[in-house]
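The values are calculated or read from the model by the stated rules, or taken from the named source; none is laboratory data. Everything quoted here is computed from the prediction, not taken from an experiment. Note that we place each Cβ from the backbone using ideal geometry, even for glycine, and neighbour counts take in every protein chain shown. Note: accessible area is taken over every heavy atom of the protein model, side chains too, but ligands, DNA and RNA are not part of it. Shrake-Rupley method; radii C 1.70, N 1.55, O 1.52, S 1.80 Å.
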Amino acid sequence: MSLLFALPLISTMLFPASGARIPLAIDTEPGRLEVVGEATHRFGDVFAGDEAAHAFTLRTVGATPVTIVQAQPSVSTSLGEIEWQRPDSQRWARYTLGETIEPGSLVRLTAQLSTFVAPPSRRGRIIVVAESPVDPARMEDPPAVLTQRFDLVMLATVSLFVRATPSSMVALDPLPHGSGHTEIVAIESTTGQPFGLAEPLDHRIPMPPGLSVRCTPIAPDERGWSSRWMLEFAVGADTPPGRHG
């Protein structure tokens with residue numbers, strides 16, 4: 001008797017009176033990118049010229065594949081490499097905009113915030129635009145596409161490590177041809193930390209004949225580093241006529 005009562009009960013659970021089959025729990029949402037962690041990275045206090053790079057990690061969720069069609073950096077930001085990792089792999093591969101990313105994958109996007117320019121507060125961002133088909137089973141022409149747009153943001157407070165006196169441009173003109181002139185600029189660390197100065201081996205802008213720069217440390221340590229330097233800019237009598245700088 002118990003078996004005869006159990007069978008109709010099971011049948012009613014699987015096939016309701018309406019005749020409709022109970023749907024299974026399958027993800028049918030369109031694919032999208034989701035940030036792992038924070039979409040805003042804060043570097044805190046950095047010195048001008050310091051490297052400020054960060055790798056954002058994203059993941060694809062939903063049932064349909066995702067395509068990144070844009071990763072546009074702002075003026076103060078440079079975009080590095082974009083990589084992705086398939087759900088069945090531990091290897092990161094280089095990603096090219098427009099490639100299809102299958103569901104369950106990870107994406108790693110590296111960006112760098114420029115710290116060479118003040119103001120003190122620096123903000124950079126990467127504008128990311130991604131697309132995914134709403135339902136690949138629908139034979140629509142053109143197919144319906146979900147477009148997603150979001151920002152990845154980097155923040156920093158930039159301080160100068162050194163300051164110069166005078167801080168403005170050193171102007172040595174007008175100078176009569178055949179005469180010489182020397183100008184002194186003092187450079188010191190804002191934190192009192194010693195640093196080194198060296199003449200670059202390759203001048204991207206060739207030094208004109210007769211012009212010279214000499215760096216002299218004040219009370220250097222055993223490495224030749226100092227928290228204060230004197231820079232001597234000199235124009236020799238043999239400097240050719242014209243504008244130099």
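Using only protein heavy atoms and a 1.4 Å probe, report how much of Arg214 is accessible, in Å² to the nearest 10.
Its heavy atoms expose roughly 140 Å² to the probe.
Quick one: if the Förster radius is 41 Å, what FRET efficiency do Thr100 and Asp50 give, using the C-beta to C-beta distance and rounding to 0.05?
Step by step, r from the Cβ atoms, then E = 0.65.
What distance in nm separates the simple spin-label points at Arg223 and Ser78, each placed 7 Å from Cα in the Cβ direction?
About 2.4 nm, to one decimal.
For the pair Ile184 and Ser159, how long in nm is the line joining their label points, each one 7 Å along Cα→Cβ?
Here the answer is 2.8 nm between the modelled labels.
How far apart, in nanometres, would the label points at Phe233 and Val213 be if each is projected 7 angstrom from Cα along the Cα-to-Cβ direction?
Here the answer is 0.9 nm between the modelled labels.
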